[in-house]
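Report on one structure; see the data block that follows.
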Amino acid sequence: MRFKTHHEAGRKCVLLHVGDHDPAGLLISDVIKSNLMDCANVKGVDFDPSPIRVERIGLTREQIGDLGLPWIENLETGSGKDLGDPGHPDHRKPYVQNYIASQGRRKVEANALVRDLRGSRALVEAAINRYIPASWPAEHEARLAPHRQAARDAFAALIAVRS
């Protein structure tokens, strides 16, 4: 698990995600963290994921407006039932009622981000750059360059010997 390796190296581990702007989508960060914690009990994992920070970077109502993303005028779930329908078993749950009170009976799916690739990319890059400086890729590339050249030279020498 990459998080384990990075955590053991002393790095701060953050899982960034973009979720749907709907009642369940706004709660998904907690579900992701819970799923990670469940993995701690898997035989052979040998890692406590509690230091991993799960951060939702979208979708927010502001991002939806800024990126011009389309609202879907229902709260239909993956099962085809509408959370906005009083007959839905989850309709009266507080997370659904709070969402309806603040957002109405509508939602925006995260995959709508493809409508504005430039804006979506900026959203993700801004989130990443809160943790990793924008200059890091170039610095990392510069650190790797001599090692890559050494590997190329070693392979060239091996090929020359076999030829």
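The rows are residues; the columns are (1) surrounded by 13 or more Cβ atoms within 10 Å (Cβ to Cβ); (2) of a type outside the set (Ser, Thr, Tyr); (3) farther than 30 Å from Lys81 by Cβ; (4) over 18 Å from the mean Cα position of the chain (by Cα).
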residue	(1), (2), (3), (4)
Ala24	yes, yes, no, no
Leu27	yes, yes, no, no
Lys33	yes, yes, no, no
Asp38	no, yes, no, yes
Asn41	no, yes, yes, yes
| message | Would you confirm whether or not the stretch 60-75 contains a residue that is outside any loop (DSSP other than H, G, I, E, B), modelled with pLDDT under 95 and buried (at least 17 other Cβ atoms within 10 Å of the Cβ)? | response | no
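Yes/no per residue for (1) modelled with pLDDT under 95; (2) over 30 Å from Ile64 (Cα atoms); (3) out of contact with any Leu (no Cβ under 8 Å at 6 or more places or on another chain):
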position	(1), (2), (3)
Asn98	no, no, yes
Ala101	no, no, yes
Lys107	no, no, no
Ala110	no, no, no
His140	yes, yes, yes
Arg143	yes, yes, yes
Arg148	yes, yes, yes
Arg162	yes, yes, yes
| field | Some residue of the stretch 60-71 being on the phi < 0 side of the Ramachandran plot and within 15 Å of the chain's Cα centre (by Cα) | value | yes
| task | Of the conditions (1) free of Cβ contacts under 8 Å to residues at least 24 places away in the same chain; (2) farther than 30 Å from His91 by Cα; (3) touching a His at 6+ places or on another chain (Cβ under 8 Å), Ile52 clears all except one; give me its number. | result | (1)
| note | Checking Val124, Val96 in turn, the sole residue that is assigned by TED's automatic domain parsing to the domain that holds Asp20, assigned to a helix (DSSP H, G or I) and β-branched (Val, Ile, Thr) turns out to be Val124
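Restricting the search to the stretch 46-60, which residues are among the aliphatic types (A, V, I, L, M) and touching a Lys or Arg at 6+ places or on another chain (Cβ under 8 Å)? Lay out the reasoning, then the answer.
Restricting attention to the stretch 46-60, the residues satisfying the condition of being among the aliphatic types (A, V, I, L, M) are 52, 54, 57, 59.
Scanning the stretch 46-60 gives Ile52, Val54.
The values are calculated or read from the model by the stated rules, or taken from the named source; none is laboratory data. Everything quoted here is computed from the prediction, not taken from an experiment. Here the Cβ is made from the backbone with ideal geometry for all residues, glycine too, and neighbour counts use every protein chain on show.
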